[in-house]
Amino acid sequence: MLEFGLDLIEAIQTARTPALDALFSAFTFMGNAEFYLLLAPAIIWCVDYGVGARLGILVLLSATLNVAIKDVLMQPRPCDIRPEICLDDAGGYGLPSGHAQNAVVFWGLPAHWLRSSWAWAGAIALMFLIGFSRIYLGVHFPTDVLGGWAIGALILALYLSTRSGVEGWLASLGIAPQILLALAVPAVFLVIDPNREIVQAMSAFAGFGLGLALTHRYLHFNSSGPIWQRAVRFLLGVVIVAVLYAGLRAVFPREGDAYYLPFRMLRFGSIGLWIS
């Protein structure tokens, strides 16, 4: 199966052009953490806080589960076997594709919320193109992408089928149990598999969940307002995101340092808290 995947990637790359390289690199960027750090806050702050909050929780859980499954299956990437076909940087194991999995979750929920055939058509197109870009760039086997789509669809379906009961139960909790839950879920994952990707996602989850509890209890934030107000709100907010993301990375310990993971937890926890 892996040999078939390698041959298929090489066949696809025979059609390479600079324009296609740029196009599929752009679609791959739409599955990167940096893209979510721009779009998710825009939805939360400027479109609909509730939908953005649900998106944030689901994508962070999906990203964590993706890394955990990869660490169990330990399947190599195509570029680990044939480095010459790799057109992008990628680390860690390959199956399932995180870009494909998270694309289904991230774009599927707004499409469901909008309840429009056009929204679903756009969402499915983005799911396909983001997943296919990983094959074109030689960083995932076709089976990695298919696996990512399948797991993402399962996560989305599970959420949509249980959300009324789960969200009602969460809303009924006091602020102390909500905060405890926001910290306990990441703690479980961090004890089981404390690698840098899970530290990133689960620290952001802890900060994000803490922010949700505090906002629900004290702030009652409303993302509506005139277009100019939403634009200013987004620009001011995203400047702080950039400072926390890039500024703290520049001054915090680098990978390999004994204090790297604790400071990574602080960095992404702060980002999640600020956004929510």
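The values are calculated or read from the model by the stated rules, or taken from the named source; none is laboratory data. Everything numeric here is computed off the predicted structure, so don't read it as measured data. A quick note on method: Cβ atoms are made from the backbone with ideal geometry, for glycine too, and the neighbour counts reach across all protein chains shown. Note: accessible area is taken over every heavy atom of the protein model, side chains too, but ligands, DNA and RNA are not part of it. Shrake-Rupley method; radii C 1.70, N 1.55, O 1.52, S 1.80 Å.
Considering only residues of the range 96-129 that are of a type in the set (S, T, N, Q) and not in a helix (DSSP H, G or I), which is surrounded by the fewest Cβ atoms within 10 Å (Cβ to Cβ)? Within the range 96-129, the match that is surrounded by the fewest Cβ atoms within 10 Å (Cβ to Cβ) is SER116.
Residues of the range 28-74 that are within 12 Å of the chain's Cα centre (by Cα), in a helix (DSSP H, G or I) and farther than 29 Å from PRO226 by Cα: PHE29, LEU60, LEU61, SER62, ALA63, THR64, LEU65, ASN66, VAL67.
The C-beta contact set for the range 163-175 (first residue on the phi < 0 side of the Ramachandran plot, second residue at pLDDT below 85 and open to solvent by less than 60 Å² (accessible area, probe 1.4 Å), distance under 6 angstrom, 6+ apart or interchain) is empty.
With respect to GLU197, is the statement that it is more than 24 Å from VAL67 (Cβ to Cβ), at pLDDT below 90, out of contact with any Leu (no Cβ under 7 Å at 6 or more places or on another chain) and among the acidic types (Asp, Glu) true? In short, no.
For the range 10-19, the count of residues that are at pLDDT 90 or above and buried (at least 19 other Cβ atoms within 10 Å of the Cβ) is zero. Listed by first and then second residue, the pairs linking a residue in the range 122-140 that is closer than 14 Å to ARG16 by Cα to a residue that is of a type in the set (D, E, K, R) and surrounded by fewer than 18 Cβ atoms within 10 Å (Cβ to Cβ), with Cβ atoms under 6 Å apart and 6 or more places separating them unless they lie on different chains, are LEU137/ASP88.
Condition first: out of contact with any Cys (no Cβ under 6 Å at 6 or more places or on another chain) and in a loop (DSSP other than H, G, I, E, B). Now tell me which residues in the range 75-89 satisfy that. Passing the criteria: GLN75, PRO76, ARG77, ARG82, LEU87, ASP88, ASP89. Would a scan of the range 216-225 turn up a residue that is among the hydrophobic types (A, V, I, L, M, F, W, C), without any contact (Cβ under 8 Å) to a residue 60 or more places away in the chain and open to solvent by less than 70 Å² (accessible area, probe 1.4 Å)? Scanning the range 216-225 turns up no residue that is among the hydrophobic types (A, V, I, L, M, F, W, C), without any contact (Cβ under 8 Å) to a residue 60 or more places away in the chain and open to solvent by less than 70 Å² (accessible area, probe 1.4 Å). Just checking, does the range 168-185 include any residue being at pLDDT below 95, open to solvent by less than 20 Å² (accessible area, probe 1.4 Å) and touching a Cys at 6+ places or on another chain (Cβ under 8 Å)? Scanning the range 168-185 turns up no residue that is at pLDDT below 95, open to solvent by less than 20 Å² (accessible area, probe 1.4 Å) and touching a Cys at 6+ places or on another chain (Cβ under 8 Å). Being within 20 Å of the chain's Cα centre (by Cα), among the aliphatic types (A, V, I, L, M) and surrounded by fewer than 13 Cβ atoms within 10 Å (Cβ to Cβ) holds for only one residue in VAL199, VAL188, VAL251, VAL241, and it is VAL188.
So which of ALA206, ALA150 is under 17 Å from the mean Cα position of the chain (by Cα), within 17 Å of LEU73 (Cα to Cα) and not basic (Lys, Arg)? The match here is ALA150. Within the range 135-154, the residues that satisfy the criterion of being over 12 Å from ILE12 (Cβ atoms) and of a type in the set (Gly, Ala, Ser) are GLY147, GLY148, ALA150, GLY152, ALA153. Is there any pair with a first residue in the range 63-75 that is within 12 Å of GLN101 (Cα to Cα) and a second that is surrounded by 21 or more Cβ atoms within 10 Å (Cβ to Cβ) and among the acidic types (Asp, Glu) whose Cβ atoms are under 6 Å apart and which are 6 or more apart or on different chains, and what are they? Filtered contacts from the range 63-75: no entries.
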